[in-house]
């Protein structure tokens with residue numbers, strides 16, 4: 001960041017978006033930061049300013065009707081400790097938040113930064129895919145919501161315009177259960193593979209399945225053929241063994257394609 005010269009401290013979202021709007025007509029840009037756990041690795045020579053967004057009211061978790069809304073500056077630690085998040089889908093998102101790095105990293109890493117600056121250590125994308133979340137994006141021109149599948153269909157930097165900022169993650173009403181598992185060399189290491197699954201059942205049969213992986217793929221993605229394979233099936237010990245075998249085969253195929 002050889003051209004970094006300015007650091008902004010906006011006190012409102014409106015002020016932050018006004019600063020971001022300057023990016024539209026300039027080759028040098030201002031970038032929002034909160035936990036700053038990834039920006040330190042940036043070698044982008046076009047960054048001229050950093051915008052500290054910790055004071056603009058985006059640190060919240062709240063229930064809004066049938067949805068749960070998470071502000072983009074909520075840290076992994078706060079998400080992990082939230083009773084509301086722990087009660088949702090078997091604690092799927094809470095488990096992912098608790099798996100991120102060390103205590104120091106979880107105290108700083110925010111959910112917004114973890115999904116926007118997508119890196120190998122990003123543990124939130126797979127769970128958000130399994131939960132079928134939406135991403136709220138704001139700019140001076142207005143607001144839009146993007147499905148999490150579209151958001152991760154490319155690098156997020158290709159989805160967002162230079163004047164846009166992720167402000168909220170929206171999780172729909174969920175009646176099923178989910179789980180998350182992270183494979184890494186050590187407890188605090190980068191992930192080798194993240195797997196998140198969400199299931200809804202009816203009469204002991206799986207009526208809805210969403211399974212997502214990250215770490216082994218260039219971009220996080222859902223395993224849709226696996227989802228189709230298990231929907232309509234009854235959960236038995238033998239079937240779970242069959243699912244485990246097919247999951248291993250599919251992950252090998254996914255990795256060979258990336």
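The values are calculated or read from the model by the stated rules, or taken from the named source; none is laboratory data. Note that this is a predicted model, so its numbers are computed, not measured. Here the Cβ positions follow ideal geometry from the backbone for every residue, glycine too, while neighbour counts run over all protein chains shown.
Could you identify the single residue in 164, 242, 202, 150 that is without any contact (Cβ under 8 Å) to a residue 24 or more places away in the chain and assigned by the TED database to the domain that holds residue 136?
Numbers: 164 fails: without any contact (Cβ under 8 Å) to a residue 24 or more places away in the chain; 242 fails: assigned by the TED database to the domain that holds residue 136; 202 fails: assigned by the TED database to the domain that holds residue 136.
On inspection, the qualifying residue turns out to be 150.
Kindly indicate whether any position in segment 192-213 is in a loop (DSSP other than H, G, I, E, B) and within 19 Å of residue 106 (Cα to Cα).
No, because not a single residue in segment 192-213 is in a loop (DSSP other than H, G, I, E, B) and within 19 Å of residue 106 (Cα to Cα).
Sort out for me the strands (runs of 3 or more DSSP E) sitting completely within segment 1-95 that have 2 or more residues that are assigned by the TED database to the domain that holds residue 125 and either touching a residue at least 60 places away in the same chain (Cβ under 8 Å) or under 16 Å from the mean Cα position of the chain (by Cα) (or both).
Here the list reads 67-71.
Only residues that are part of a loop (DSSP other than H, G, I, E, B) and under 14 Å from the mean Cα position of the chain (by Cα): list them for segment 214-227, please.
Hits for segment 214-227 are 215, 219, 220.
Give segment 153-178 a look and list any residue that's crowded, with 17+ Cβ neighbours inside 10 Å and out of contact with any strand residue (DSSP E or B) (no Cβ under 6 Å at 6 or more places or on another chain), or say none.
156, 159, 160, 174
Out of all the residues in segment 22-37, which are out of contact with any strand residue (DSSP E or B) (no Cβ under 7 Å at 6 or more places or on another chain) and surrounded by fewer than 18 Cβ atoms within 10 Å (Cβ to Cβ)?
Result: 24, 25, 26, 27, 36.
Please state which of the following conditions residue 144 fails to meet, knowing it meets all the rest: (1) at pLDDT 95 or above; (2) surrounded by fewer than 17 Cβ atoms within 10 Å (Cβ to Cβ); (3) under 14 Å from the mean Cα position of the chain (by Cα).
Every condition holds for residue 144 apart from (3).
Between 123, 132, which is surrounded by fewer than 22 Cβ atoms within 10 Å (Cβ to Cβ) and either more than 30 Å from residue 186 (Cβ to Cβ) or assigned by the TED database to the domain that holds residue 85 (or both)?
None of the other options fit; the residue is 132.
Identify, by number, the condition in (1) closer than 15 Å to residue 34 by Cα; (2) at pLDDT below 95; (3) out of contact with any helix residue (DSSP H, G or I) (no Cβ under 9 Å at 6 or more places or on another chain) that residue 112 doesn't meet.
Answer for residue 112: the failing condition is (2).
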